[in-house]
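What follows is calculated from the coordinates using simple rules that are stated; it is not laboratory data. From a predicted model like this one, the values you see are computed outputs, not experimental measurements. Every residue, glycine as well, gets a Cβ built from its backbone with ideal geometry; the counts of neighbours run over all protein chains shown.
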Amino acid sequence: MKKSTKAACLSFLIPGAGLLYCGRRQWAFWNLLAGVTVPLVLLWSGFPGEHVLWILLGIAAGSAGWAHAVAQQTMVNVRVFRPGQE
């Protein structure tokens, strides 16, 4: 499994886990905080539970997409140095 796919799957299950896998600890923390806080605030404010589940699904998908993009960008930025190459 590619690193970007694994990061996306992790973040879909637990928001921020894929970012943590990519080494982005601060982003992972804020992503997890938002992924937990937003649905709890909506439930506490009386928002219908079914709608909160759809919002949670959207947050999970957004987190997965973000982690996938970060992992792909990380893979592009890594260059292997070999003697004799510029």
Cα gyration tensor of segment 22-69, axes a ≥ b ≥ c as square roots of the eigenvalues: rounded (a/c below 1.5), prolate (a/b > b/c) or oblate? oblate
Nearest 10 degrees is fine. How inclined is helix 25-44 to the longest principal axis of the chain, computing both from alpha carbons? 10 degrees
Once exposed loop trypsin sites (Lys or Arg not before Pro) are cut out (DSSP; at most 12 other Cβ, 10 Å), longest piece of the chain: 3-78
Among 57, 73, 39, the residue whose Cα sits farthest towards the positive end of the charge dipole of the chain, when +1 is placed on the Cβ of each Lys and Arg and -1 on the Cβ of each Asp and Glu, is 73
Heads up, segment 1-49 by the C-alpha gyration tensor (a ≥ b ≥ c square roots of eigenvalues; a/c under 1.5 rounded, else a/b over b/c prolate, else oblate) looks oblate
